[in-house]
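S.K.: Provided herewith is a single structure, encoded as structure tokens, for subsequent inquiry.
The values are calculated or read from the model by the stated rules, or taken from the named source; none is laboratory data. Treat the numbers as computed from the prediction; the structure is a model and nothing was measured. Ideal geometry is used to build each Cβ from the backbone, glycine not excepted, and the neighbour counts take in all protein chains shown. Protein only, heavy atoms only, side chains kept; ligands, DNA and RNA dropped before computing areas. Shrake-Rupley method; radii C 1.70, N 1.55, O 1.52, S 1.80 Å.
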Amino acid sequence: NVINVAAGSTIKARVRGWIGTPELRMGDHHIEMLHADKKNWAIETAAIVSDKIEVRQGLLTRLQVPINFITDKPPEIKLNGEVKTLDKGTMQIPLTVRDDYGVRGITMRMTIDPVVEEAPLGTAVEEIRAMASAPGTESELKPVYDLTWHPWAGLPVIIDVEANDFPDQNTALPPIHMTLPERPFYHPAAKKRSALRKRLIWTPGVTIPNAIYELGDMLGSPSQFENDIVAFLSIRSMASRLHYSPSEASTIAVIEQLWDTALRIEEGNLTMASRDLRKAQKKLQDLLSDPNASDEQIAAAMEEMRQTMAQYFQEMYREIQKRMAQQSGEQMPALNPEMFGNMIDAQDLSSFLDQLQAEALSGDRDSAQQLLSQLQQMMDQLDPSASTSIPPQMQAMMEQMSALKELIEK
């Protein structure tokens, strides 16, 4: 009978020993078998394009199996609509992917458009995300990318997106030419830092003396940023760094720090907590893709991701509590995470992370990467770049409290 053999399959053969070393033959490839024990020979190898598999020992054919070799097709990928800019500058790219055995990952690359003759400081960006699509089935996904921090925000860029399958075949979308979205700032102090950062990006040599003066001036009015001690210390360290070491490396570090400080003043810690979580996810994904990564490194990366995820949801709860207080016009009591059951189940999330870690440490890193892909898609849906909404049950509670307050006053 003809046997179907898919590309990437593993062929295992075992024969009882006669005189001479047996060979496994697939097309022009002849591979010697090895001793399994005193009486048997064995081999395990990847399938190679052929019309039959043979085991030969000397002049004798020990086994011959006709096969139908199924070639692995490259993945398919297409843009499922327009690239969407969310309200705080992040990009959402709607995609449809398909592969005969499943897509392994999505790679996004951002480079400056050649129409920009004199680009400011900055380098190209590449971001790889693991994913798990069902074999032979179209999968829709909407990955969210935050490149608002990049010095090229506001400039013409080229976005390249490609799908990758398990035999490492790639298929790319046509290049996407667009203006890299900028993040708007509304807090006056955050706007000042963002404007100073942009001047440092474009004209660092000219701007550094003025930047030192402006940062020092900001220290004299801490009320501009609500007397935030973290923001105050950050501004002071930036001024000192530019004063004592006005090098390109120091300038780049200050540009990054100005961005973090502006975000903190504008939004508090939620956006930064989301960024830290994505960094932890990427670190874990890189380790899962590295065959030389140890179990200790993966376990440490898992613990780091757990901690950053806990911090992220804590900041999300605080943000929702703050928005509820703003809408009600009065201070709200502290909210318990259990009240957010419709948003996410903490026990389910903990079990999910336990399963991810168990798969990774058991050696099944492909399954771990698939679970990590599911987690990344969930985080895209919870992305804080979109306005954090109040869950329906919280809105209902606020309405009931308002009605009760009105009744008491009457």
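S.K.: Checking the structure you have, find out if any residue of segment 319-329 is open to solvent by 60 Å² or more (accessible area, probe 1.4 Å), at pLDDT 80 or above and out of contact with any Leu (no Cβ under 6 Å at 6 or more places or on another chain).
M.R.: no
S.K.: For segment 12-33, how many residues meet the condition of being open to solvent by less than 100 Å² (accessible area, probe 1.4 Å), out of contact with any Lys or Arg (no Cβ under 9 Å at 6 or more places or on another chain) and β-branched (Val, Ile, Thr)?
M.R.: Matching residues across segment 12-33 total 1.
S.K.: Also, quick follow-up: Specify which of the listed residues (Thr171, Thr137, Thr179) is more than 20 Å from the chain's Cα centre (by Cα), open to solvent by 20 Å² or more (accessible area, probe 1.4 Å) and over 28 Å from Leu200 (Cα atoms). Lay out the reasoning, then the answer.
M.R.: Numbers: Thr171 fails: more than 20 Å from the chain's Cα centre (by Cα); Thr179 fails: over 28 Å from Leu200 (Cα atoms).
Of Thr171, Thr137, Thr179, the one residue that is more than 20 Å from the chain's Cα centre (by Cα), open to solvent by 20 Å² or more (accessible area, probe 1.4 Å) and over 28 Å from Leu200 (Cα atoms) is Thr137.
S.K.: Go through (1) under 32 Å from the mean Cα position of the chain (by Cα); (2) free of Cβ contacts under 8 Å to residues at least 60 places away in the same chain; (3) over 13 Å from Lys192 (Cβ atoms) one by one and return the number of the condition Ile235 breaks.
M.R.: Just one mismatch for Ile235, condition (3).
S.K.: Here's a check for you: in segment 197-239, which residue that is among the acidic types (Asp, Glu) and not in a helix (DSSP H, G or I) is least open to solvent (accessible area, probe 1.4 Å)? Walk me through how you get there before you give the answer.
M.R.: Initial filter on segment 197-239 (among the acidic types (Asp, Glu)): 214, 217, 226, 228.
Filter once more, so that each one left must be not in a helix (DSSP H, G or I): 226, 228.
On the way: Glu226: 118, Asp228: 35 Å².
If we take residues in segment 197-239 being among the acidic types (Asp, Glu) and not in a helix (DSSP H, G or I), then Asp228 is least open to solvent (accessible area, probe 1.4 Å).
S.K.: For segment 140-168, give me each residue that is open to solvent by 20 Å² or more (accessible area, probe 1.4 Å), under 19 Å from the mean Cα position of the chain (by Cα) and of a type in the set (D, E, K, R).
M.R.: The answer is Glu140, Lys142, Asp146, Asp160, Glu162.
S.K.: Enumerate the pairs (first residue in segment 103-121 and of a type in the set (Asp, Glu); second residue anywhere and in a strand (DSSP E or B)) with beta-carbon separation below 7 Å, excluding pairs fewer than 6 apart on the same chain, so at least 6 apart or on different chains.
M.R.: That search, which allows pairs on different chains as well, returns Asp113/Pro156; Asp113/Val157; Asp113/Ile158; Asp113/His177.
S.K.: Then there's this: Do you know which residues across segment 246-292 are among the small types (Gly, Ala, Ser), in contact (Cβ under 8 Å) with a residue 12 or more places away in the chain and open to solvent by less than 70 Å² (accessible area, probe 1.4 Å)?
M.R.: Just the residues of segment 246-292 that are among the small types (Gly, Ala, Ser), to begin with: 247, 249-250, 253, 262, 268, 273-274, 280, 289.
Now narrow it down to the ones that are in contact (Cβ under 8 Å) with a residue 12 or more places away in the chain: 253, 262, 268, 273-274, 280, 289.
Matches in segment 246-292: Ala253, Ala262, Gly268, Ala273, Ser274, Ala280.
S.K.: Here is a check on your reading of the model: is Pro75 in contact (Cβ under 8 Å) with a residue 40 or more places away in the chain, of a type outside the set (A, V, I, L, M) and open to solvent by less than 20 Å² (accessible area, probe 1.4 Å)? Before the answer, list the steps.
M.R.: Working: in contact (Cβ under 8 Å) with a residue 40 or more places away in the chain: yes; of a type outside the set (A, V, I, L, M): yes; open to solvent by less than 20 Å² (accessible area, probe 1.4 Å): yes.
Considered against the rule, which asks whether it is in contact (Cβ under 8 Å) with a residue 40 or more places away in the chain, of a type outside the set (A, V, I, L, M) and open to solvent by less than 20 Å² (accessible area, probe 1.4 Å), Pro75 comes out as yes.
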